[in-house]
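Asker: Provided herewith is a single structure, encoded as structure tokens, for subsequent inquiry.
The values are calculated or read from the model by the stated rules, or taken from the named source; none is laboratory data. Predicted, not measured: the structure shown is a model, and the values here were computed from it. Positions of Cβ are backbone-derived with ideal geometry, glycine not excepted, and every protein chain shown enters the neighbour counts.
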Amino acid sequence: MIDFSKAGVIKLQLTDNKDCSSTVANILVEGEEVIYTFKTVRDNVVFTNLRIIGINVQGTTGKKRDVTSLPLKNVQAFSVESAAVLATKCSMELWFAGLGQVKLEFDAKTDVYRLTKVIGYRAL
């Protein structure tokens, strides 16, 4: 499992949903759709209409993957911080029942307010 209690997942950049389609296709449930896919150097975070999926690529070859599922129905609260004029990042903090705080940092170009609509729809 990705250790969200440390520094969080840092500098996520929006990428094509096809980049993770083979990894997440096997775990999606009926009616679940991938909405956004973000990547770091090796890891990915996928937002669906039902959950956030963290994909932690492990090992030197990158073939081993740890997949963490965070259901949006368990979000108790969330906050966003948009990027300032010269800032290089914006962030989102979510508090999950039974897990605690999860912090995600995005590239400054990311519209974090669009993500809140996905989260708010399931969490509220």
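Asker: Out of the residues in the stretch 20-34 that are surrounded by 15 or more Cβ atoms within 10 Å (Cβ to Cβ) and not in a loop (DSSP other than H, G, I, E, B), which is modelled with the lowest pLDDT?
Answerer: Cys20
Asker: Here's something else I'd like to know. Give the stretch 1-19 a look and list any residue that's of a type in the set (Val, Ile, Thr) and at pLDDT 85 or above, or say none.
Answerer: Thr15 - this is the single residue of the stretch 1-19 that is of a type in the set (Val, Ile, Thr) and at pLDDT 85 or above.
Asker: Scan the stretch 41-70 and report the pairs whose first residue is in contact (Cβ under 8 Å) with a residue 40 or more places away in the chain and surrounded by 12 or more Cβ atoms within 10 Å (Cβ to Cβ) and whose second residue is assigned to a strand (DSSP E or B) and acidic (Asp, Glu), with Cβ atoms within less than 7 Å and a gap of 6+ or a chain change.
Answerer: Asn56/Asp66
Asker: Could you list all residues from the stretch 85-105 that are part of a loop (DSSP other than H, G, I, E, B) and modelled with pLDDT under 90?
Answerer: Correct list: Val85, Leu86, Ala87, Thr88, Gly98, Leu99.
Asker: Continuing with the same structure: Filter the stretch 97-117 down to residues that are within 18 Å of Ile53 (Cβ to Cβ) and touching a Lys or Arg at 6+ places or on another chain (Cβ under 7 Å) and give me whichever is surrounded by the fewest Cβ atoms within 10 Å (Cβ to Cβ).
Answerer: Glu105
Asker: Hey, can you tell me all the residues within the stretch 35-50 that are assigned to a strand (DSSP E or B) and closer than 12 Å to Val67 by Cα?
Answerer: Across the stretch 35-50, the qualifying residues are Asn44, Val45, Val46.
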